[in-house]
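Participant: Below is the structure I would like to discuss, written out as structure tokens.
The values are calculated or read from the model by the stated rules, or taken from the named source; none is laboratory data. Remember, it's a predicted structure, so these values are computed and weren't measured experimentally. Cβ placement follows ideal geometry from the backbone for every residue including glycine, while neighbour counts extend to all protein chains displayed. For accessibility, only protein heavy atoms count, side chains too; no ligands or nucleic acids. Shrake-Rupley method; radii C 1.70, N 1.55, O 1.52, S 1.80 Å.
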Amino acid sequence: MTILESGDCAMNPEQRKIWSDGHKTLTGLLKRPEEHENAVALFLRLHASLYASNGEHPEQPTYEDELLKDIREQTLRSYPVHTPGSKNSIVWHLWHSARIEDITMNILAAGSGQVLHEAHFADKLQTVYLHSGNGMTDEEISGFSSSVHIESLFEYRRAVAGRTRSILPSLSSEQLRAKLSPARIRRISEEGAVKDTEQWLIDYWGNKNIAGLVLMPATRHNFIHLNKAMRVKLKLQK
């Protein structure tokens, strides 16, 4: 069985293991220039299996498809929900993981503008928060969870995912393995993409190359937060 070849349920324990094994394979491929095309192809499959399919392949639901299936608005917005490793709401997990990907893939990997700003998503989302979501207070997360425009959140995630899938094939193996530009790293602070109290996150990204960003924010980070969101759903909609 390979990625996206599940039966009637996406990302059950077996599928999560298959995804993780695929991610380990991607880690190895990204280190080998001669495997560049295979690395990009595998990334695209792993990435697609995390985000909503928008009904394009109903026989192959993705992890986000499964999360959102029959979900209630109250379940999406509930905060706090005490589950292993998190008490955050599902909408926060979906927003935060998309913001991280938007910031790292567009500012750091491509040197382009963020989807959030170019498509005026802050207004659509009805939020004042332009940063990554790290370092938010309980009150801020609660307010965000109760007020964010949910359909716009789903639209934002689709837009971020689509942009990422256009960026990766455009980068050469040499670009993936190159150090990040100091000018691009500075843009994170200049654009308020990370709170002033969360400098550690900029330092963390700054020590990676683009391939490293592909492996964590663009894939593994999404996977982790979808797992956390699914725990919330299972707790609230038993």
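Participant: Please go through segment 151-188 and give me each residue that is under 15 Å from S97 (Cα atoms) and of a type outside the set (G, A, S), ordered by number.
Facilitator: L153, F154, E155, Y156, R157, R158, V160, R163, T164
Participant: Is it the case, given these coordinates, that L108 is in contact with a Gly (Cβ under 6 Å, 6 or more places away or on another chain), surrounded by 14 or more Cβ atoms within 10 Å (Cβ to Cβ), within 30 Å of K179 (Cβ to Cβ) and in contact (Cβ under 8 Å) with a residue 60 or more places away in the chain? Even if it seems obvious, please write down each step before you answer.
Facilitator: Values: in contact with a Gly (Cβ under 6 Å, 6 or more places away or on another chain): no; surrounded by 14 or more Cβ atoms within 10 Å (Cβ to Cβ): yes; within 30 Å of K179 (Cβ to Cβ): yes; in contact (Cβ under 8 Å) with a residue 60 or more places away in the chain: yes.
For L108, the condition - in contact with a Gly (Cβ under 6 Å, 6 or more places away or on another chain), surrounded by 14 or more Cβ atoms within 10 Å (Cβ to Cβ), within 30 Å of K179 (Cβ to Cβ) and in contact (Cβ under 8 Å) with a residue 60 or more places away in the chain - is not met.
Participant: Within segment 136-171, work out how many residues are more than 30 Å from H82 (Cα to Cα), open to solvent by 40 Å² or more (accessible area, probe 1.4 Å) and outside any helix (DSSP H, G or I).
Facilitator: Number of matching residues: 0.
Participant: Condition (residue is in contact with a helix residue (DSSP H, G or I) (Cβ under 9 Å, 6 or more places away or on another chain), part of a strand (DSSP E or B) and either open to solvent by less than 50 Å² (accessible area, probe 1.4 Å) or more than 21 Å from L116 (Cα to Cα) (or both)) applied to segment 211-227: is it met by at least one residue?
Facilitator: no
Participant: What's the total number of residues in segment 82-105 that are farther than 21 Å from N54 by Cα, open to solvent by 10 Å² or more (accessible area, probe 1.4 Å) and in contact with a helix residue (DSSP H, G or I) (Cβ under 7 Å, 6 or more places away or on another chain)?
Facilitator: Going through segment 82-105 one residue at a time, the tally reaches 5.
Participant: Hey, another quick one. Among the residues of segment 137-156, is there at least one that is closer than 12 Å to M105 by Cα and within 20 Å of the chain's Cα centre (by Cα)?
Facilitator: The answer is no, given that none of the residues of segment 137-156 is closer than 12 Å to M105 by Cα and within 20 Å of the chain's Cα centre (by Cα).
Participant: Is there a residue being modelled with pLDDT of 95 or more, among the aliphatic types (A, V, I, L, M), more than 14 Å from the chain's Cα centre (by Cα) and buried (at least 22 other Cβ atoms within 10 Å of the Cβ) anywhere in segment 6-19?
Facilitator: Checked segment 6-19: no residue is modelled with pLDDT of 95 or more, among the aliphatic types (A, V, I, L, M), more than 14 Å from the chain's Cα centre (by Cα) and buried (at least 22 other Cβ atoms within 10 Å of the Cβ).
Participant: Any residue that is within 16 Å of I224 (Cα to Cα), touching a His at 6+ places or on another chain (Cβ under 8 Å) and open to solvent by less than 30 Å² (accessible area, probe 1.4 Å) - is there at least one of those in segment 39-46?
Facilitator: Yes: one or more hits.
Participant: Another question, then. Would you be able to say whether some residue in segment 172-192 is among the charged types (D, E, K, R) and part of a loop (DSSP other than H, G, I, E, B)? I'd like the intermediate steps shown before the answer.
Facilitator: If we filter segment 172-192 for residues that are among the charged types (D, E, K, R), which is where we start, we get 174, 177, 179, 184, 186-187, 190-191.
Filter once more, keeping what is part of a loop (DSSP other than H, G, I, E, B): 191.
Checked against the condition, which is being among the charged types (D, E, K, R) and part of a loop (DSSP other than H, G, I, E, B), segment 172-192 yields at least one hit.
Participant: To continue, here is another question. Where in segment 30-97 are there helices (runs of 4 or more DSSP H), lying fully within it, with 1 or more residues that are among the charged types (D, E, K, R) and either within 14 Å of the chain's Cα centre (by Cα) or within 22 Å of I150 (Cβ to Cβ) (or both)? Give the derivation first.
Facilitator: Values: elements: 36-48, 63-68, 73-77.
Those helices (runs of 4 or more DSSP H) span 63-68, 73-77.
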